[in-house]
Amino acid sequence: MKYFITLGILLMTINLSAQERISFNANWKFKLNEQKGAQEISYNDKDWRLLNVPHDWSIEGEYNQENPMGGQCGYLPSGIGWYRKTITVPEEWKDQVVAIAFDGVFMNSTVWANGKKLGHRPYGWISFNYDISEQVNNSNEITFVVRVDNDLQPSARWYTGSGIYANTWIDVKAAVHLSDNGGVFIKTKGDEVTIQTVIESVLAKTTKGTLTTKLVDKNGEIVARANQKFSIAANENKEITQVIKMDSPQKWSVESPYLYTTVTEIKVGKKIHQQEKTRFGVRDIEWIPASGMWINGKNVKLQGVCNHQDAGALGAAVPDKIMRFRIAQLKKMGCNAIRTAHNPQTPQFYDMCDEMGMLVMDEIFDGWHKKAANDYGAHAFEEWWNKDLTDWIKRDRNHPSIVIYSVGNETKGEIGKELVERCHELDNTRPVTSGHSQSEYMDVFGVNGSSEKMGWFDNLEQDRVFIGTENTHTWQVRGYYRTKTWYRDGYPSKRQKPYYYPDLTEEEVFTFDWTNSSSKDSYKQIFNSSYDNAMVRLTSRQNIEQLRDIPNYAGSFRWTGHDYIGEASYVHGGWPFKSFMGGAIDMANFEKDLYYLYQSQWTTTPMVHILPHWTHPTLEEGTEIPVWVYSNCDEVELFLDDKSLGKQKPGKSWDKMQCQWLVGWKAGTLKAVGYKDKKVVSKQMIRTASNPSKLKLTVDGESLNTTTKDIVQVRVTTTDNNGEFYPYGENRSFFKVLGAGKVRALDNGSPIDIEKHYEATDRIAFYGLTRAYIESTDDNGAISLIVGGILGEKRQVSSKSVAIDVQQLVLRGNMPNGKVTIFYTVDGSKPTTSSKKYTTAFDVELGTTVKALVTLNGKNALTMHETFSTDEGFVWDAVSMAANPGGDQAEDARFDGVTIATKGANFNGKGYIDFGRNTGGYVEWYQENDGSEGEFTLQIRYSAGIDVRKEHKVKLTVNGKEQELVLPANKGFRKTWQIIEIPVIMGSGANTIRITALQSNGLCIDELKAI
């Protein structure tokens, strides 16, 4: 039977008690550092900053190498922060049950109300509340105080943020009401819905009432209902179970995430004490070891990513619009699952996943013991895990998007058994797993990187469902390319057992880099290629193939979906690296080439994507470049200047997923055309760009709404004079907001840009792109953005031309563009309206600083600057040139892919060359022979770690002639040095001698002598 009473009519006819959930985000006062006595009502907070939460004070600060967060947490400030807020108590709250609720506070929060301590929660990723009924009834004003202590660092292994980073609420309920957390638990099976409802009473007598549960569809129509009378004793709680049959319910799935709403009403006498809405989805899930997960009878592979809480420049306090954009972005990539690594997300994240059909592996903990010096595992896990796990599951268990729980990540301990059992007690509808933690107790076998090892699946048992909880680990920087394969731990590696992937070319094609080798503090400080050829064990392509073709491989969660702040030391060598760059999308929400690989394999809407770009001003014409096209079409044809280079069919095997052509470089136009059923269904065209000359402003995602503190993402693209994307763009853009808005933050996705994000006024571009987050400051005022830049090649490799461009973009309302006038200087002086007026591009010499003043309608709007010099910006030839040509010391020679090191003892000179894990790195000497050609003896002084291998292989190249050398290892790595002598033929005059590492790890070269 169906009920066609609409929910809106129903709500107009009921007699409802003073039930409210009130946003409590506005008008908190905030101050950093310890504030003695700040919890007291009488404390004077007049000089405190007024702000709204959610708030993350760490992301507002400056990156600094000395900040206690260090590389693990991204070099941002931490500390202690205090929040205060005083309110007048509304009369209608009296004699009600009132609580203050926090969706997330990082970390170690203590809350007071009118000087009384309400409680303390150490875990930073949990929602909690405190009853304030006593303060409400006894006071006309309440002063709330929250102390947040994130002082001891590192408090995690990645960036956490600091402060009240999620929503706050005041909940007002009648005396008989639903339990605060987990008051309604909905289970579905077939067309049957089971609702467990927990009712509480604070009355001093037994009370009788009626529980009514209505199931409402998305149109607001009541489709089923159940009534049950109850009697509840004084100050007790009562659980009631109702089972309701639905008539052919619409199922929730990834493709069609249909949501129903349960309306729970508690009625005592003629008054409804509470009415609660809970969304749910009707879906049946089965887990089968041989074939994985089945949703509503359909086998679904978990095509997943892991993601942390932060969103780059916005930190941990992620606005809802940005959070929704990022989930939708992943869905468009073809991703259907997110692992909340390694902690619960804020409540609205799960609501959005419910709405968009994004599956969730909901994870509660990283470690069950210390993993970072001052994390939850080190100080609070043993005492608090049960309380936190209970609150987490009760909060999240009605979300249809959540299909599996995870209780840990790369941790251990017999406590794992208790964690799983407690999950089952609280929710018996979902299995439990972990990221390779005490696996024998888990319902689903979850393994992180080990599952990437060659041959791992050959020995996988089928007693349980298997998921690759972190698989795969590939690293890539947007816009950066190398044709040589790179392994984090080298190849071969007994420990990692990586797959072999050949180089794309015999010699490296590309040399553009963030700096040269001599300026790096660690061999780890490298950018990684966007060709899907930089990894720990296997490529993304092979991971995709394995997931698709291995039946008992239920799901894979790549590390990661988006880049994130932190984990910069261990992986990327530390400062100035501040972030992890394993995402398919960078921190500024710009898609990398990898994004389109997944889209080509996981989506069906026709697409083609070309990589790399076609702007290579330092390459010799004719140099062969591997041109890849990702596509889900039947066939792809590539054109160079309208000449067909042939058609290819994307293959199923990992090495055929991309269509590849070796194309001789020349300036021009590349075009990829995708065909389905022999018809053109998709095209992409890229052209060689000339020098940077213009800026282009566009909006990614939704535009600004007519609300206060709404946010919009503006993309700033560097182009040439014809509007073609300039892929090396690194000039600084300057921002000014007109009207009812402000710059919330600036970003560019760079892992090494350590400038401040929050309320910044300018930022360099990173490989041609810059991101601005603009926030509204009132409900409906017009908002316009002005962006300007002084554009040109920083090192003038192909052009001395400088252009100055200013663009305007209306973001809300009607705001006509004003008259822009630009004045500039080239002698370093401050520009004024008396300076030279800009009309067209002009040439400058290296060493010039151009400054500009931009006026809008006669008023100063922007002041800009840009320097063009050989020591500015990225480098076009990353090879370090010899500091002392003809010298013996390795650190003075010419080298690439290696670093100068000083750790250890007994080396000669000021340091030595450490080859690190970079197979293919080399050091090259220039030697003069003023005599005739003849035999010389090379003495190579080196140290080779015996813990890695007994022998280390290198390639010795003398004037182009190669031979392989075997260097015996030694004890006392970097402290004991030995000399090997090699006879070689050296020519008359100039000679070059190069040593190239053929294996990774454990080799250092101190000096070379030719005698």
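Readers should treat all values here as calculations from the given coordinates under stated rules, not as data from a laboratory. These numbers come from a predicted model, not from an experiment. Backbone-built Cβ (ideal geometry, glycine too); neighbour counts: all protein chains shown.
Observations
- Among HIS379, HIS562, the order by Cβ neighbours within 10 angstrom, fewest to most, reads HIS379, HIS562.
- For segment 701-765, the Cα-based Rg and Dmax, in that order, read 13.6, 38 Å.
- Over segment 606-687, the alpha carbon radius of gyration divided by the compact-protein estimate 2.2 N^0.38 Å works out to 1.06.
- Gain upon complete extension [LEU645, ASN722; 0.36 nm per residue less C-alpha separation]: 25.1 nm
- Length available on full extension from GLU134 to ASP778: 0.36 nm per residue minus the Cα-Cα distance, which gives 228.2 nm.
- Geometric descriptor of segment 462-570, per residue, is 143 Å³ (volume of the convex hull of the Cα atoms).
- A simple charge model with +1 on the Cβ of Lys and Arg, -1 on the Cβ of Asp and Glu and nothing else charged puts the dipole of segment 694-868 at about 460 debye relative to its Cα centre.
- For THR839 and GLU192, the difference between the fully extended length at 0.36 nm per residue and the C-alpha to C-alpha distance is 225.6 nm.
- Farthest toward positive dipole pole in segment 520-648 [+1 Lys/Arg, -1 Asp/Glu at C-beta], among TYR595, TRP628, VAL536: VAL536
- Spin-label model, GLN660 to THR937: label points 7 Å out along the Cα-to-beta-carbon direction sit 4.5 nm apart.
- Radius of gyration over Kirkwood radius for segment 243-371, both on Cα atoms: the Rg/Rh ratio is 1.04.
- Kirkwood hydrodynamic radius of segment 20-174, from the reciprocal of the average inverse Cα-Cα distance over all distinct pairs: 16.0 Å.
- Using only alpha carbons, segment 39-97 has a radius of gyration to Kirkwood radius ratio (Rg to Rh) of 1.17.
- What the Cβ-Cβ distance of THR390 and LYS205 gives, at R0 = 35 Å and to the nearest 0.05, is a FRET efficiency of 0.75.
- Cα Rg, Dmax, segment 286-601, angstrom units: 19.3, 60
- Between PRO492, ALA568, GLY479, the Cα set farthest toward the positive side of the dipole of segment 450-569 (charges on each charged residue's Cβ, about the Cα centre) is that of ALA568.
- Each 5 Å bin, from zero up to the one with the longest distance, holds this percent of the alpha carbon pairs of segment 143-188: 5, 11, 15, 15, 12, 14, 14, 9, 4.
- Computed over the alpha carbons of segment 694-868, Rg followed by Dmax gives 16.0, 49 Å.
- Virtual spin-label span in nm between ASN33 and GLU383, 7 Å along Cα→Cβ: 2.8 nm
- With neighbour counts taken as other beta-carbon atoms within 10 Å, the residues ARG949, ARG395 rank, fewest first, as ARG949, ARG395.
- Placing +1 on the Cβ of every Lys and Arg and -1 on the Cβ of every Asp and Glu, with nothing else charged, gives the chain a dipole about its Cα centre of roughly 2120 debye.
- If the convex hull is drawn through the Cα atoms of segment 379-516, its volume per residue in Å³: 198 Å³
- For the chain, taking the reciprocal of the average inverse distance between every pair of different Cα atoms yields a Kirkwood hydrodynamic radius of 31.4 Å.
- Taking N as the residue count of segment 779-894, its C-alpha radius of gyration divided by 2.2 N^0.38 Å amounts to 1.50.
- Average Cα contact separation per residue, the chain, under 8 Å, 6 or more apart, as relative contact order %: 8 percent
- Dividing the alpha-carbon radius of gyration of segment 726-792 by the rule-of-thumb value 2.2 N^0.38 Å gives 1.16.
- Value at 222 nm in deg cm²/dmol, rounded to 500, when DSSP H runs of n ≥ 4 in the chain each add -39,500 (n - 2.57): -2500 deg cm²/dmol
- Simple Cβ-charge dipole of segment 270-319, Lys/Arg +1 and Asp/Glu -1, about Cα centre, in debye nearest 20: 380 debye
- Spin-label pair LYS819-TYR570: with each label point 7 Å from Cα along the Cα-Cβ axis, the two points sit 6.1 nm from one another.
- Residues LEU1008, LEU32 in ascending order of nearby Cβ atoms (within 10 Å, fewest first): LEU32, LEU1008.
- Among THR433, GLN462, GLY413 the positive-end extreme of the charge dipole of segment 387-467 (Cβ point charges): THR433
- Hull-based mean projected area of segment 288-361, where the convex hull spans the alpha carbons, in square nanometres: 5.5 nm²
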